[in-house]
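The values are calculated or read from the model by the stated rules, or taken from the named source; none is laboratory data. Since we're looking at a predicted model, the values are computed, not measured. Virtual Cβ from ideal backbone geometry, glycine too; neighbours counted across all protein chains shown. For the accessible areas, the whole protein counts, side chains as well, though only heavy atoms, and no ligand, DNA or RNA atoms are used. Shrake-Rupley method; radii C 1.70, N 1.55, O 1.52, S 1.80 Å.
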Amino acid sequence: MLSSRDAERVLRFVAAAEELGGDHAFTPEVLAELGKLVESDWVAYDESDRVRRRFGYGVDRPGDEYDRPEVSYWEIAGEHPICSQHNTGDSRALKLSDFITLKELRRSEIYSIWFRPFGVERQLNLAIPSPPWHAKTFLFSRGPGPDFTERDRLMLDLLQPHLGRLWGAARTRRQLRAALESVDGGSEQDAHGVILLGSGGLIELASPAARRLLRDYFGATGHGEAPTELVEWHESGSSTLVRGRGEHRLTVSRSGTALLLEETRDELGLTARERQVLAWVARGKRNSEVAEILWVTPSTVRKHLENVYAKLGVHTRTAAVTRFLGVLERE
């Protein structure tokens, strides 16, 4: 259990991160504050696409910037015990020493290629819960010396939901800005709309797409008062509101009095579990490996894939994965 002093430090960090974040939640300045909570020689944050094996947004604490080794990370990612565990959906804060002794680490290939060049011998990583193909990970690294403590782990586990919320808020800010820029010239058929709410739930501004979405999902005009359900949700403080309409879904998120409306369509028609199974297949996993990761039997995985083939109108794993990746590219 955290001390009252540490609990106060967590709350101060969350408040500071909300002020320091911009288009991206985790800036170098935010990582500097995070490094004050968990003492480390290096602090970094990376986002990656596990299916296509490529990195997205990444940032280091000021002064911690470094050149990555020439070897591709993806060639050795399977040997990283923390990454392998996070890939199963376990997003807790995990230490290298949870899986391997320091002596064993020093004899490993990943140590000689990835850790030793930077002098890293201790690591504590935390993932933000995400779809299986999208990794969002904080990395805390130390050189020779004491390992991370259980207090360090607890600090990060307690921060995890706040970090996820900060990431979501930054994504909403980026989308809202893009939607606001298109208010004048936007089309009703755009997938993103924006609403500015005034006092009493009055709509002060609604983009053409927002007016269509209000009409389609709430039966409202987009003028005058906002729908009661929307106003009650906004006053509740909840982060998102979701409404379905056939294969379409509307997600409403907030940033102050600005509301972002985003319509999506499930082009594949797959269940959440079917998408999860297909995501692992796309990463080259055999049925037995997918079963082990998801804690189900191989026959269950096979049945899910049979349903996937039928829904997608394909007959092979390769064809299903190709279709799946094509849809992800547009999401």
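Can you figure out the FRET efficiency of T300 with E75, using R₀ = 35 Å and their beta-carbon distance, to the nearest 0.05?
Once rounded, the FRET efficiency stands at 0.65.
What span do the alpha-carbon atoms of segment 202-331 cover on each of the three principal axes, reported in whole Å from largest to smallest?
56, 27, 21
Run the accessible area of the chain with a 1.4 Å probe and give the carbon-and-sulfur part as a rounded percent.
Within the chain, the accessible surface is 50 percent carbon and sulfur.
How would you rank 91-103, 202-214, highest first, on the average number of other Cβ atoms within 10 Å across their residues?
202-214, 91-103
Contact order normalised by length for segment 154-297, with contacts defined as Cα pairs under 8 Å and 6 or more residues apart; what percent is it?
Reported as a whole number, the value is 19 percent.
Give, in nm to one decimal, the length gained when the segment between E65 and S3 is fully stretched (0.36 nm per residue of separation minus the Cα-Cα distance).
Going from the current span to full extension adds 19.1 nm.
Averaged per residue, what accessible surface does the chain expose to a 1.4 Å probe, in Å²?
Ligands and nucleic acids excluded, the figure is 51 Å² per residue.
Please state the shape class of segment 26-149: rounded when a/c is under 1.5, otherwise prolate if a/b exceeds b/c and oblate if not, all from the C-alpha gyration tensor.
Because its axes are fairly even, with a/c under 1.5, segment 26-149 counts as rounded.
Match the structure shown to one of the listed values [x] -0.42, -0.82, -1.26; [y] -0.36, -0.73, -1.23; [z] -0.57, -0.73, -1.10 of log10 I(q)/I(0) by the Debye sum over Cα atoms at q = 0.07, 0.10, 0.14 Å⁻¹, computed from it, and give that label.
[y]
Below 8 Å between Cα atoms, with a sequence gap of 6+, how large is the relative contact order for segment 60-179 in percent?
Here the relative contact order equals 22 percent.
Extension gain T240-S199, at 0.36 nm per residue separation less the Cα-Cα distance, in nm?
Result for the pair: 12.8 nm of gain on full extension.
Once the Cβ-Cβ distance between E289 and E104 is put in as r, and R0 is 22 Å, what FRET efficiency do you end up with, to the nearest 0.05?
Using R0 = 22 Å, I get an efficiency of 0.45.
Please state the relative contact order of the chain as a whole percent: Cα pairs under 8 Å, 6+ residues apart?
Relative contact order comes out at 13 percent.
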